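The numbers here are math on the coordinates, done by the rules we state, and not lab data. Keep in mind it's a predicted model, so treat the numbers as computed, not measured. Here the Cβ positions follow ideal geometry from the backbone for every residue, glycine too, while neighbour counts run over all protein chains shown.
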4 protein chains.
Amino acid sequence: MTEQYRILIQCNDEKGLVYKVSSIFYHRHLNILSNNEFVDKNYNKFFMRSVVSGEADMEALRNELLAVLPSNAHLEVIAPRKKRIVLMVTKESHALGDILIRYEAGELDAIIVGVVSNYDVLEPLVSKFEIPFYTVSHEGLERDVHEQKVLECLNSFGDIDYIVLAKYMRILTPRFVNAYADKIINIHHSFLPAFIGANPYKQAYERGVKIIGATAHFVNNDLDEGPIIAQDVIHVDHAYGWEDMQRSGRDGEKIVLSRALKLALEDRVFVHSNRTVIF
Amino acid sequence: MTEQYRILIQCNDEKGLVYKVSSIFYHRHLNILSNNEFVDKNYNKFFMRSVVSGEADMEALRNELLAVLPSNAHLEVIAPRKKRIVLMVTKESHALGDILIRYEAGELDAIIVGVVSNYDVLEPLVSKFEIPFYTVSHEGLERDVHEQKVLECLNSFGDIDYIVLAKYMRILTPRFVNAYADKIINIHHSFLPAFIGANPYKQAYERGVKIIGATAHFVNNDLDEGPIIAQDVIHVDHAYGWEDMQRSGRDGEKIVLSRALKLALEDRVFVHSNRTVIF
Amino acid sequence: MTEQYRILIQCNDEKGLVYKVSSIFYHRHLNILSNNEFVDKNYNKFFMRSVVSGEADMEALRNELLAVLPSNAHLEVIAPRKKRIVLMVTKESHALGDILIRYEAGELDAIIVGVVSNYDVLEPLVSKFEIPFYTVSHEGLERDVHEQKVLECLNSFGDIDYIVLAKYMRILTPRFVNAYADKIINIHHSFLPAFIGANPYKQAYERGVKIIGATAHFVNNDLDEGPIIAQDVIHVDHAYGWEDMQRSGRDGEKIVLSRALKLALEDRVFVHSNRTVIF
Amino acid sequence: MTEQYRILIQCNDEKGLVYKVSSIFYHRHLNILSNNEFVDKNYNKFFMRSVVSGEADMEALRNELLAVLPSNAHLEVIAPRKKRIVLMVTKESHALGDILIRYEAGELDAIIVGVVSNYDVLEPLVSKFEIPFYTVSHEGLERDVHEQKVLECLNSFGDIDYIVLAKYMRILTPRFVNAYADKIINIHHSFLPAFIGANPYKQAYERGVKIIGATAHFVNNDLDEGPIIAQDVIHVDHAYGWEDMQRSGRDGEKIVLSRALKLALEDRVFVHSNRTVIF
């Protein structure tokens, strides 16, 4: 039975990688449906994403590929499946809603196993879509204690491929981030690295900018400093107060976050050196 | 004989301003060709730019308008004329060249009285257009001494409406900036306030951004912190090294700078509170 | 008690209009919160939208304004209220969903009185938001008969300010369009006037374009030829098949339609000569 | 001595192409610097552009590659060299000037062997850059006779890689187009396929669009119907008359044309089925 596989390779660059990898595909009668390669010369890194079709013994394919790749190569052989994702939100519904509508339409190759929030404001919206909603209030709790409760909630879901911070307005500690390294996608409501931190629209207004932005990125331990997946901008003018910027900016936020999520779900995003390679 | 006048008003907001101003136009038989108003509620400031046609005793019109405006109103009654501008450059030709081609085509309502540079690299290009070129080398000179020589060169031009820093890669001291307050237009090769300072493309590359930008702004005493006139962006991806960003970014830089210059030449830019109102 | 009013004026241009109108506002102690004017010189038309606050006898204000305006002036004095809108859809949920999420968040100054569709596919989605859904199937019916049934359905809603065609994939006859002149907002999934008619993404793919677009416009009797309210574009490349264009294009469609709807709800759109003036 | 070569392959798709080609590179000790492949499934076409470095007997490499490629494969093995281009213009200087400034800065990997125009208006500008300018006036001449004279002028230049129509405002006959198939790059001042033909800005104004565009394309025998290389857009509003659209649109035109020219000079553009694949 013909299946499709995604093969992701990230390793030090050396001569003959394309030849060696494509040779394995060829001799295993795997047909290349699409193929992307990139060499980052500054870091001497090779990246390759191939989609192949055919019959594959995935373990054997994996071993054969590892045998020709440089040591320390990062290799994934993936039989596409619905990824399991959790959404985290606070009070704003636009980014969440955009994902829910796409989810309902079958546009996302994922299962939303739950939505976690520090408020119950968005429970009515989420409930409409018959997705479990978990309120883990932070009120009266130390940051660590609250986060521990959130982590327990997440643990209860079993395996999670991605956590999507769809306007979750709390800072995560290194403990949390390390538990889900390169698995947490955040939308920051500015054109990073401009306006890191709280209330970027107010900052943008104060600075008198003519363009506002939105940035989807993986979360690491430096606030708003993680690898950028997608960005977009919206033009504004002097008539925009900061609330107007916020209102208009939401359109950018939700589209950029959904775009980043889809790239991740399709295994198109490689992370290295605090940057992304996207095929 | 029918003339056109631009009337620019900037003052504290109060009731009846539009009525009082338009009443003066009406009774003086000045026809409004275009009219823009804006109230910045955060600062309680009123801005108005009217283009009127008719016969006007400019001094009398000015006095009549001042009589109905709040005290401390900033008023300009302008009979359009070619503004006198100076370009300052270092070694890159793209922003300069864009202005020269527009100038040659008669697109700019200005006279370029001279081009000043700390290198002679661009003299051959400027000479083609029969515009005086002045090399004021900074080599072997203290910053203050060099700047004094540049100021003397500028003084020799007589009245100057705008100084356009078309990729002039030296920092100006407060003495220079104060001598030409709100008259110096700079192009910064990033999406400010991201990547202030030296080599923004390298900074952008290091940060792994997916969009680069350009910002035209008036120069004040804080590096790259002056009022923003125009901004634009260009999409990039992981395949862009910083030199690629620089190459692509130049297209944005030159268009944004020329757009800002044209807005200034048409008296469309108001400055207040480190921001601009643009009609 | 202080209220806000929107005053919309559209008339032949003549001298003194700003003066005469602002004089009435001034003498009635109405404070101008925002004011936009435009003269279309090609058509000799004057447009003005003022937002004023104060106490107004709306009928008296209306009459006083009409007395100073040219004959045949189109004048509206509006005390803002939630507008009543109907959505019409077929099977795609993205544009509908975008409006529903905004509606739920209180972002739209409107009441959705119902959703009408020629299929029942989207009933489950609409029902989540407790909005009445009406299936008026076209199957087995002549176009006129079906449309008559839709019109009857619409009539049952009472007054309607706007009908939003959120991907309603049926052509309306002149009878329908005339019944709701300048009240029907459609989203066309191309950058009009390119790719009028059926399956614009397929047309765009066939033509090998590098950019696709979306256009929100009022519907008139010429297919996809009505006054344009808003447009936006999305960059594509050779790797996009027409279904990929469709998928990506949906993001543009929904944002453009929602933007046009908000402009209409805020009374910012003037229509004349098959074009719009938007303040 | 290490050289760089560009290998361009366009052929029917079949299994093992990447393997076979990369195998040849590997065994000839050619290092892949960059590699792009694309399969157009709708047309069953395979496209590949590789940049390799090493020592190559180009003729032998060519033959070895042809031996493993499907029959009728289109193959080019290119040792990069400055391409020879001719610019054709009428009266507008913006697109021409943009190319000249880039040329002077060494940004274009090309030699401009001459500029041909049906008017002498732009001769002074071109002369500044010491590039031969040829006026071939069309006045009083039948189209065929004029074109014959232009062709003779072009023939006098020897080999030409690309003819760039930088706002050449005359229609070319099939004889001309066939003589330089896939070698003529035109900038059309609209977002094709909207507004084909004369004065697209006037057409755009009449239609009341909110976005204008520019399209660079190869010229074929259907007016403005050739394969599109690059497009971009500029936002406009109701205040833009058609001359304003034209003025603003020029910025888009020149940037899009220069971008398309650079893509062509870098051998990044494949043409098939009236569309382009761009790496």
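For the rotational copy relationship between B and C, the axis lies nearest to a chain B beta carbon, identified with its distance in whole angstrom as B:S22, 3.
For the pair region A:216-279 and region D:212-229, the centres of their Cα atoms are 34 angstrom apart. The DSSP beta bridges internal to the protein assembly as shown are antiparallel in roughly 70% of cases. Each DSSP beta bridge with both residues in chain A is either parallel or antiparallel, and the antiparallel ones are about 70%. Per residue, the average separation of C-alpha pairs within less than 8 Å and at least 6 apart gives chain C a relative contact order of 15 percent. When the chymotrypsin sites (Phe, Trp or Tyr not before Pro) in region B:20-55 are filtered for DSSP coil states and for at most 12 other beta-carbon atoms within 10 Å of their beta-carbon, the remaining sites are B:Y43.
The local environment of B:V77, defined by Cβ-Cβ distances under 15 Å, has a net charge of -2 under the rule Lys, Arg +1 and Asp, Glu -1. Of the residues C:N118, C:S248, C:L192, the one whose Cα sits farthest toward the positive end of the charge dipole of chain C, with +1 on the Cβ of Lys and Arg and -1 on the Cβ of Asp and Glu, is C:L192. The residues C:S190, C:S71, A:S53, when put in order of fewest to most other Cβ atoms within 10 Å, stand as C:S71, A:S53, C:S190. With a 10 Å cut-off around each Cβ of A:247-253, the average count of Cβ atoms from other chains is 2. Peptide B:26-34 has a mean of 4 when you count, residue by residue, the C-beta atoms of other protein chains within 10 Å of its C-beta.
For region D:1-123, the share of DSSP beta bridges that are antiparallel, to the nearest 5, is 75%. Legend: distances between Cα atoms for A:K262/C:K262; C:K149/C:K262; A:K262/B:K210; A:K202/A:K262; A:K82/C:K202; B:K210/C:K262; pairs beyond 18 Å are A:K262/C:K262; C:K149/C:K262; A:K202/A:K262; A:K82/C:K202; B:K210/C:K262. Helical runs assigned H by DSSP (4 residues or longer) give chain B a calculated mean residue ellipticity at 222 nm of -10000 deg cm²/dmol, each run adding -39500 (n - 2.57) before division by the residue total. Distances between copies of C:G140, taken at a point 7 Å out from Cα along the Cα→Cβ vector and listed shortest first: 6.2, 7.8, 9.9 nm. Using the alpha-carbon positions of region C:1-73, Rg (one decimal) and Dmax (whole number) come out as 12.1, 42 Å. If you take the beta carbon distance between A:R175 and B:H272 as r and set R0 to 51 Å, what does 1/(1 + (r/R0)^6) give as a FRET efficiency, to the nearest 0.05? Result of the calculation: an efficiency of 0.60.
The lysines whose alpha-carbon is closer than 18 Å to the alpha-carbon of D:K45, local same-chain residues fewer than 8 away aside, are D:K15, D:K20. Across identical copies of the chain, C:Y43 has label-point separations of 3.5, 4.3, 5.5 nm, listed in ascending order, with the point defined 7 angstrom from Cα along Cα→Cβ. Would you work out which of B:F133, B:L17, B:L223 lies farthest towards the positive end of the dipole of chain B, given +1 charges on the beta-carbon of Lys and Arg and -1 on that of Asp and Glu, about the Cα centre? It is B:L17. Shielding value for D:102-112 is 2, the average number of Cβ atoms from other chains within 10 Å of each residue's Cβ. The residues neighbouring D:I32, those whose beta-carbon lies less than 13 Å from its own, together hold a net charge of +2 under the Lys/Arg +1, Asp/Glu -1 convention.
Is the shape of region C:83-278 rounded, prolate or oblate, going by the alpha carbon gyration tensor and its root eigenvalues a ≥ b ≥ c, with a/c under 1.5 for rounded and a/b larger than b/c for prolate? Here region C:83-278 falls in the rounded category. For C:N178, the label point sits 7 Å beyond Cα toward Cβ; its separations from the matching points on the remaining copies run 5.3, 7.4, 7.5 nm, from shortest to longest. In a simple Cβ point-charge model (Lys, Arg +1; Asp, Glu -1; nothing else charged), chain D has a dipole of about 420 debye relative to its Cα centre.
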